[in-house]
Amino acid sequence: MLQYIETTGKNEEEAISAALRKLGLDRDEVSVEVLERAKSGFLGIGGSPAKVKVTYEVPDAPAPKVEKPKPQPKADAPKTESPKVPLGKGAEKTSVQEDKAVPKAAEPAPDGDRTEAITTFLNGLLAHMGVSATPKITVAEDGSYKVELMGEGLGALIGRRGETLDAIQQLTSYSVNRGQSKRVRIHVDAEGYRAKREESLERLARKVAGKVVKYRRNVTLEPMNAYERHVIHTALQDYPDVTTYSTGTEPNRRTIVAYSKGEHRD
């Protein structure tokens with residue numbers, strides 16, 4: 001189910017940031033529509049803030065479970081005892097059903113270091129894929145986990161434009177964060193692919209931003225995954241007269257590089 005909020009700010013970027021803080025979401029988890037652009041006014045008088053509409057998805061509430069009434073025993077039904085089952089010489093137990101322990105629901109592991117969980121999952125996944133590789137894990141200052149898959153001939157793990165690598169990263173993140181109260185970011189790389197792709201995307205971002213400012217027209221980029229869109233946003237977050245936001249739904253979600261003349265960034 002889709003919901004939205006409207007927020008304002010000194011410029012479009014600040015209005016979007018205000019919405020993200022309220023929602024506790026990342027930029028690529030929402031769609032942004034610019035309702036009103038910021039106006040500076042004359043000598044600082046008569047200006048107006050930027051206004052944006054931020055749409056986000058809320059999971060549908062599960063339907064309530066309806067318990068079936070338990071059948072009541074007949075009043076005249078005679079009570080019977082469970083048969084005694086011999087277990088061996090000199091020993092016997094009664095009421096076989098009472099001796100079967102009722103399984104308890106599995107409790108999620110407590111929050112903490114996820115290195116072991118990441119290693120265990122990836123080793124199993126890589127073995128299932130028939131790939132000989134070893135995960136090397138480091139924890140960044142922001143608490144995210146960076147995983148470098150070590151081995152030779154890992155092109156199959158990267159796939160076309162990193163699609164296989166993205167799938168491995170998503171599966172790992174889902175498995176490790178499932179049942180946890182605190183979600184951690186997990187970045188999976190192989191043969192330095194991410195760094196090379198980041199450099200390429202940053203060059204693209206700056207090139208597009210230059211055209212946006214020159215021609216004063218917004219540019220919509222090709223569909224990208226969440227990681228690639230994040231690189232574009234980060235590369236242009238301080239670029240003058242330019243703002244970025246994402247629109248659409250996966251897997252066709254795109255980043256828009258928008259012209260925002262007259263807005264000043266602190």
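What does the charge count near residue 145 come to, summing +1 for each Lys or Arg and -1 for each Asp or Glu among other residues with Cβ under 9 Å from its Cβ? Combined, the nearby Lys, Arg, Asp and Glu give +3. Assuming R0 = 45 Å, what is the FRET efficiency of residue 48 and residue 171, from their Cβ-Cβ distance, to the nearest 0.05? Computed FRET efficiency for residue 48 and residue 171: 0.45. Across the stretch 162-257, C-alpha contacts under 8 Å between residues 6 or more apart give a mean separation that, scaled by the residue count, equals a relative contact order of 24 percent.
Could you give the length gained by full extension between residue 36 and residue 132, i.e. 0.36 nm per residue of separation minus their alpha carbon distance, to one decimal place? Show your work: numbers first, answer last.
Numbers: separation 96, 0.36 × 96 = 34.56 nm, distance 5.37 nm.
29.2 nm is the gain from fully extending residue 36 to residue 132.
Taking only the Cα atoms of the stretch 115-191, the radius of gyration and Dmax are 12.0, 37 Å. Each principal axis of the stretch 121-264 carries a Cα extent, and these read 53, 36, 28 Å when sorted largest first. Checked against a 21 Å cut-off, the cross-linked pairs 10/261; 146/207; 22/211 give Cα-Cα distances beyond that limit for 146/207; 22/211. Here the extension length gained between residue 249 and residue 178 equals 23.2 nm, from 0.36 nm per residue of separation less the Cα-Cα distance. With a cut-off of 19 Å on the backbone N, the residues of the stretch 1-32 near the modelled label site 7 Å out from residue 220 along Cα-Cβ are 28-32.
Given 0.36 nm per residue, what is the gain on full extension from residue 211 to residue 195 after removing their alpha carbon distance, in nm?
Details: separation 16, 0.36 × 16 = 5.76 nm, distance 2.48 nm.
Contour length minus the Cα-Cα distance gives 3.3 nm.
Computed from the coordinates by the stated procedures, all read-outs in this text should not be read as laboratory data. From a predicted model like this one, the values you see are computed outputs, not experimental measurements. All Cβ positions, even for glycine, are placed from backbone atoms using ideal geometry, and neighbour counts span all protein chains on display.
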